[in-house]
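Enquirer: Quick one: this structure, given as C-alpha cells, is what I'll be asking you about.
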Amino acid sequence: MKLNLKKNLTYPKIVAIGFSILIAAGTILLMLPVSSRNTGSAGFTDALFTATSASCVTGLVTVDTYQNWTLFGQIVILCMIQIGGLGFLTILTGFSVIFNRKIGLKERSLLQESVNTMYIGGIVRLTKKIILGTFFIELTGAFLLSLRFIPKMGIGIGIYNSIFTSVSAFCNAGFDLMGRYSEYSSLTMFRDDYLVNITVILLILIGGIGFFVWDDLTANKFRFSKFKLHTKLVLISTFVLVFGGAAIFFALEYHNELEGLSLLQKINASFFMSVTPRTAGFNTVDLARMTPGSKFLTMIYMFIGGNSGSTAGGAKTTTIIVLLLSAWSSLRNRPNINIMKRRLEQDVLKRATSVVVINLTLILTCGLAICICQKNLDLTDVLLEVFSAINTVGLSTGITRELNVFSQLVIVFMMFCGRVGSLSFALLFTEQKSSSAFLNPVEKINIG
C-alpha cells in the first residue's frame with residue numbers, strides 16, 4: 001500500500017498537496033488571537049484568503065495587511081510568501097543539505113520539475129545557488145530600501161519594513177505594510193522616489209526571470225552568444241515587454257494618472273506600471289482611475305506573467321512565444337517551429353496550448369460565476385480581478401474587499417490553481433498514464 005501510494009504521487013499531486021498543507025497551516029495560525037489586531041481572532045474566510053494569497057504569492061487582500069494583522073501575523077504571512085515564492089520542495093532540499101541528508105534520484109527529479117530546469121545533472125548545486133542567491137538579493141534589496149524607510153519610520157520599523165517589502169517584491173507577492181499610513185495604499189506614497197521604485201522593479205525582474213536563466217547567466221559570464229535558447233528568449237521578451245509596456249502606459253496615462261508629474265517622474269511611473277502587472281502586485285498609481293486602455297494592457301501583461309521556473313506566475317513568456325511562433329509557422333505553411341536557427345520539439349506546443357486554454361477557461365468560468373453572484377460589480381473590475389487571481393498578480397481596482405463569501409472562495413480557488421498550475425498544469429493535462437498502439441481513424445474538420 002505504501003509503495004503504491006508513493007508511486008501514485010506524481011509531481012503535480014505533490015505540489016497540490018504541499019500548497020494545501022501550507023495554506024491550511026497558515027489559515028490556522030492567522031486565526032489565532034495573537035495574529036489579529038482586532039478583539040478576538042480573525043474570521044475563517046479572511047484568514048483563508050490571506051493565507052492562500054501569501055502562499056500563492058498573489059497579493060490580493062480582503063483586509064489591510066498592517067491594519068489587521070499583528071507582528072506575529074505579519075511574520076506568518078512573510079514566511080508563507082518566502083516558502084510559496086521559492087517552492088516548498090526547494091526549501092526542503094535546503095534543509096536536507098544543511099543536515100547532510102542524502103538526496104535520492106526521485107527527489108532530484110522532483111526538484112528538476114520544481115525549478116523548471118531542463119537537466120537533472122547538478123540540480124542540487126543549482127538549488128543551493130537558488131537559496132543563497134535569493135537571500136543575498138533580498139538582503140541587498142532590503143538594504144537599499146532601508147535608505148528610505150529608516151529615515152521615515154525609524155531604525156527598527158524601517159529595517160523590518162525593508163525586509164518585508166524586499167522579500168515580497170522578489171517573490172512577486174505584492175504584500176506591503178504601508179497601511180500604517182493609509183489603508184491599501186501599496187507604494188503610492190513612494191511614486192516619486194526613484195530609489196524605491198528602481199529597487200522594487202529590479203527585485204521583481206530578478207525574481208521573475210527564472211532560476212534556470214540565473215544559472216545560465218552566471219555559467220556563461222553574461223555572454224549572449226553562449227546562452228541557451230530559453231535564456232535568449234526570456235531576455236529578449238523581458239526587454240520588449242518592459243520597454244514596450246512603459247512606452248504604451250506613458251502614452252495612455254500622460255494626461256490621466258501621470259498628470260502633474262515631471263517628465264522623469266512620468267517615465268519612472270510608466271516603467272513601474274510596465275513591470276508590476278507581470279505578477280508583482282505593487283502599484284504606485286491608482287488602478288481604479290486608470291484609462292480603459294491601461295486596464296486592458298494590464299490584463300494582457302497579467303496573463304503573460306513572468307518566466308518559467310521563477311517566483312512569478314502567469315502563462316509565462318515562453319508559452320506565449322511558442323504560440324506566436326506556431327501561428328507564424330502555420331501561416332508560412334512550415335511543418336516545424338523554428339527560431340534562432342533552432343527547431344523546437346513538437347510536444348512544447350501541446351504544453352503551451354494546454355496552459356493557455358486552461359487559464360482562459362478558468363478566467364471566463366470564474367469571472368462569469370462572480371458576475372452572476374454579484375450583479376452590481378463592474379465587468380472590467382471583475383475581469384481584472386480574476387486575471388489577477390489566476391496569474392497570481394495581486395493588482396485590484398479595490399473590489400476584493402467588496403466580494404461576498406462565495407466570490408472570495410472563487411478567487412481563493414483561482415489563486416491556488418494559478419500557483420499550482422504555473423508549475424504543473426501542462427504536465428497534469430498532457431501526461432499520458434499509458435501508451436497505446438491503437439490509433440483512431442483520421443477525419444478532417446474546418447478551422448478558422
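The values are calculated or read from the model by the stated rules, or taken from the named source; none is laboratory data. In this text the structure is predicted, and so the values were computed from the model without any measurement. No Cβ is skipped: glycine too gets one built from the backbone with ideal geometry, and neighbour counts run over all protein chains shown.
Enquirer: What single numbered condition from (1) of a type in the set (Ser, Thr, Tyr); (2) modelled with pLDDT of 85 or more; (3) surrounded by 24 or more Cβ atoms within 10 Å (Cβ to Cβ) fails to hold for residue 291?
Expert: Among (1) of a type in the set (Ser, Thr, Tyr); (2) modelled with pLDDT of 85 or more; (3) surrounded by 24 or more Cβ atoms within 10 Å (Cβ to Cβ), the lone unmet condition for residue 291 is (3).
Enquirer: Mind checking which residues of the stretch 259-277 are under 16 Å from residue 187 (Cβ atoms) and assigned to a loop (DSSP other than H, G, I, E, B)? Talk me through it step by step, then tell me what you get.
Expert: So the first thing to find is which residues in the stretch 259-277 are under 16 Å from residue 187 (Cβ atoms), and the list is 261, 265, 268-277.
Scanning the stretch 259-277 gives 261, 276, 277.
Enquirer: Inside the stretch 94-103, can you point out the residues that are modelled with pLDDT under 65 and in a loop (DSSP other than H, G, I, E, B)?
Expert: Kept after step one, since they are modelled with pLDDT under 65, are these residues of the stretch 94-103: 97, 99.
Across the stretch 94-103, the qualifying residue is only 99.
Enquirer: Here are the criteria: (1) assigned to a loop (DSSP other than H, G, I, E, B); (2) modelled with pLDDT under 85. Tell me which single one residue 395 does not satisfy.
Expert: Condition (2) is where residue 395 drops out.
Enquirer: Would you mind finding the one in 244, 314, 309, 281 that is closer than 24 Å to residue 170 by Cα, of a type in the set (Gly, Ala, Ser) and modelled with pLDDT of 95 or more? Before you say what the answer is, go through the steps one by one.
Expert: Values: 314 fails: modelled with pLDDT of 95 or more; 309 fails: modelled with pLDDT of 95 or more; 281 fails: modelled with pLDDT of 95 or more.
Checking each option against the conditions leaves just 244.
Enquirer: Could you list, in sequence order, all residues of the stretch 184-219 that are without any contact (Cβ under 8 Å) to a residue 60 or more places away in the chain, more than 27 Å from residue 315 (Cα to Cα) and polar (S, T, N, Q)?
Expert: Hit for the stretch 184-219 is 185, nothing else.
Results for (1) of a type outside the set (Val, Ile, Thr); (2) within 20 Å of residue 185 (Cβ to Cβ); (3) outside any loop (DSSP other than H, G, I, E, B), shown as yes or no for each residue.
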{"position": "207", "(1), (2), (3)": "yes, no, yes"}
{"position": "222", "(1), (2), (3)": "yes, no, no"}
{"position": "232", "(1), (2), (3)": "yes, no, yes"}
{"position": "235", "(1), (2), (3)": "yes, no, yes"}
{"position": "247", "(1), (2), (3)": "yes, no, yes"}
{"position": "257", "(1), (2), (3)": "yes, yes, no"}
{"position": "284", "(1), (2), (3)": "no, yes, no"}
{"position": "295", "(1), (2), (3)": "yes, yes, yes"}
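Enquirer: In the stretch 283-305, which residue that is in contact with a Lys or Arg (Cβ under 8 Å, 6 or more places away or on another chain) and among the hydrophobic types (A, V, I, L, M, F, W, C) is farthest from residue 259 (Cα to Cα)? Don't jump to the end; show me each part of the working.
Expert: So in the stretch 283-305, the residues in contact with a Lys or Arg (Cβ under 8 Å, 6 or more places away or on another chain) come out as 284-285, 287, 301-302, 304-305.
Right, trim to among the hydrophobic types (A, V, I, L, M, F, W, C) and you get 285, 287, 302, 304.
Values: 285: 11, 287: 15, 302: 25, 304: 28 Å.
Going through the qualifying residues, I end up with 304.
Enquirer: Restricting to the stretch 39-65, name every residue that is over 20 Å from residue 402 (Cβ atoms) and in contact (Cβ under 8 Å) with a residue 40 or more places away in the chain.
Expert: Quick first cut of the stretch 39-65, residues over 20 Å from residue 402 (Cβ atoms) only: 39-41, 51, 54-57.
Selection gives 54, 55, 56, 57.
Enquirer: Moving on to the next point. So residue 354 ticks every box in (1) under 19 Å from residue 58 (Cβ atoms); (2) crowded, with 18+ Cβ neighbours inside 10 Å but one. Which box is left unticked?
Expert: Evaluating residue 354 over (1) under 19 Å from residue 58 (Cβ atoms); (2) crowded, with 18+ Cβ neighbours inside 10 Å leaves (1) as the failure.
Enquirer: Which residue pairs have Cβ atoms under 6 Å apart, sit 6 or more places apart or on different chains, and have a first residue in the stretch 150-163 that is under 21 Å from residue 174 (Cβ atoms) and a second that is not in a helix (DSSP H, G or I)?
Expert: What qualifies is 161/177.
Enquirer: Now for a separate question. Check every one of the helices (runs of 4 or more DSSP H) wholly within the stretch 32-93 and list those with 2 or more residues that are among the hydrophobic types (A, V, I, L, M, F, W, C) and surrounded by fewer than 23 Cβ atoms within 10 Å (Cβ to Cβ). Let's see the steps before the verdict.
Expert: Working: elements: 44-55, 65-68, 71-86.
Answer list for the stretch 32-93: 44-55, 71-86.
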